[in-house]
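Report on one structure; see the data block that follows.
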Amino acid sequence: MVRRGFLRGVADGLPFVIVIVPFAMLFGLLASEAGLHLYEIILFSVVVFAGASQFAALQLLKEHAPVLIILVTALAVNLRMMMYSVALAPHLGQARLRTRAVISYFLVDQSFALASQDYDKRPDQPLAEKVGYFFGAVTPIVPTWTISTIVGALAGRAIPQGYALDFAVPITFLAMTAPMLRTRAHWVAASVSVALTLGLQAMPYGTGLLVAAAAGMIAGAGVESWRARHD
Amino acid sequence: MIDRSDFWTVIVVLGIGTYLLRFSFLGFLGNRLLPWWLVRGLRYTAVAVLPALVAPAVLWPPSTGGAPDMARLLAACATVIVGAWTRQMMAAIAVGVAVLFGVQYLA
């Protein structure tokens, strides 16, 4: 059971390698450009293991934002993982605590997307197969993420400082977000947050962003409630 | 230069915090129901935070001294349109980069 799920997971996880390689390399590259040592970059990736928040934290660290602001912003980026945890709990909640503790570490966008799709498609599979599938799905992803980060970090030292990389992060973040804009509520949440952030630039140390993001979330949830009542 | 004590604090606290977010329901909250407004809000965190983080750099890029730049604006628009349309992150990045360098080359 574990084995069958595992193999299925590996097969489904493999295509994500194409996305992860450049993404992780870019992180390694920018982190090394920011003056971090290789071991610091590796630890960053291994300890946090959440790409988008790593980019966000790195950028704010470079801007010398206060630590509290950096933490709140980066954790806000990762709040969605709590939702993943909620969504997978009915499927994996019966596994041993040790297993769930390890699964939690590997709960990222890709493994969540794959596992929740698979569990929905095959609701009758036993717990062992579900667990096997999850670990199978992350197996191609994890080493790719770490190795590509290292490659990017090493390449970063070879590239002269400040070479046209300033716009890599905006493009990456927008490319990550755009596919998530599935409903009108998502568009509203994003637009409100962007508009307010731009309007609140005068607020110190990126605190405008936090206000704007909170307003964006409330706006998105509001639109969803409104549509639920009127459709 | 990144301040090292800031750096280590961020890594450790962000690492623990992120892990706890992931472990929360799988680990100790089980199948308990969340308040509906929280579930709803969580759904929009990523789309609210990520584009807002980079919006100022799109409009006022630091590398031009804060002056709006046509190539960067068009590249950002192209990235969002392609990403929303194809739902492919890599396609969006590829088009965004192509537009950025294309417009810079033509200008």
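Taking the numbered list (1) over 30 Å from A:G216 (Cβ atoms); (2) more than 19 Å from the chain's Cα centre (by Cα) in turn, A:A101 passes all entries but (2).
So that you can scan it fast, the table gives a plain yes or no per residue for (1) crowded, with 17+ Cβ neighbours inside 10 Å; (2) at pLDDT 90 or above:
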| site | (1), (2) |
| --- | --- |
| A:L61 | yes, yes |
| A:P66 | no, yes |
| A:I69 | yes, yes |
| A:A76 | yes, no |
| A:L79 | yes, no |
| A:R96 | no, yes |
| A:I103 | yes, yes |
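Considering only region A:32-63, how many residues are farther than 25 Å from A:P204 by Cβ and within 9 Å of another protein chain (Cβ to nearest Cβ)? Even if it seems obvious, please write down each step before you answer.
Kept after step one, since they are farther than 25 Å from A:P204 by Cβ, are these residues of region A:32-63: A:32-33, A:36-51.
Then keep just the ones that are within 9 Å of another protein chain (Cβ to nearest Cβ); that gives A:36, A:40, A:43-44, A:46-50.
Result for region A:32-63: 9.
Every test in (1) at the interface with chain A (Cβ under 8 Å from one of its Cβ atoms); (2) out of contact with any Gly (no Cβ under 7 Å at 6 or more places or on another chain) is passed by B:M89 save one, and that test is (2). Looking at region A:1-104, the helices (runs of 4 or more DSSP H) lying wholly inside it that each contain 2 or more residues that are of a type in the set (F, W, Y) and within 28 Å of B:G41 (Cβ to Cβ) sit at A:17-33.
Checking B:P56 against (1) in contact with a helix residue (DSSP H, G or I) (Cβ under 8 Å, 6 or more places away or on another chain); (2) farther than 26 Å from A:G199 by Cβ: exactly one of these is not met. Which one? Unmet condition: (2). Applying the criterion of being at pLDDT below 90 and of a type in the set (D, E, K, R) to the residues of region B:38-77, the residue that is nearest to A:L209 (Cα to Cα) is B:R43.
With respect to the stated conditions, B:A71 fails to be more than 30 Å from A:A101 (Cβ to Cβ), of a type in the set (G, A, S), touching a helix residue (DSSP H, G or I) at 6+ places or on another chain (Cβ under 6 Å) and buried (at least 24 other Cβ atoms within 10 Å of the Cβ). Listed here are the helices (runs of 4 or more DSSP H) enclosed by region A:136-231 that have at least 1 residues being at the interface with chain B (Cβ under 10 Å from one of its Cβ atoms), among the aliphatic types (A, V, I, L, M) and surrounded by 22 or more Cβ atoms within 10 Å (Cβ to Cβ): A:168-177, A:184-199, A:207-230. The residues in region A:32-84 that are small (G, A, S), closer than 20 Å to A:W145 by Cα and out of contact with any Asp or Glu (no Cβ under 9 Å at 6 or more places or on another chain) can be counted, and the count is 7. Kindly indicate whether A:S111 is in contact (Cβ under 8 Å) with a residue 60 or more places away in the chain, part of a helix (DSSP H, G or I) and either of a type in the set (S, T, N, Q) or under 30 Å from B:S5 (Cα atoms) (or both). Here the answer is yes, as A:S111 does meet what is asked. Counting residues in region B:72-84 that are at the interface with chain A (Cβ under 7 Å from one of its Cβ atoms) and either aromatic (F, W, Y) or not in a helix (DSSP H, G or I) (or both) gives zero. Would region B:51-66 turn up any residue that is surrounded by fewer than 12 Cβ atoms within 10 Å (Cβ to Cβ), part of a helix (DSSP H, G or I) and at the interface with chain A (Cβ under 7 Å from one of its Cβ atoms)? Checked region B:51-66: at least one residue is surrounded by fewer than 12 Cβ atoms within 10 Å (Cβ to Cβ), part of a helix (DSSP H, G or I) and at the interface with chain A (Cβ under 7 Å from one of its Cβ atoms).
The values are calculated or read from the model by the stated rules, or taken from the named source; none is laboratory data. Computed from a prediction, not measured in an experiment: that's the story for all the values here. FYI the Cβ positions are ideal-geometry reconstructions off the backbone, even for glycines, and counts take in every protein chain you see.
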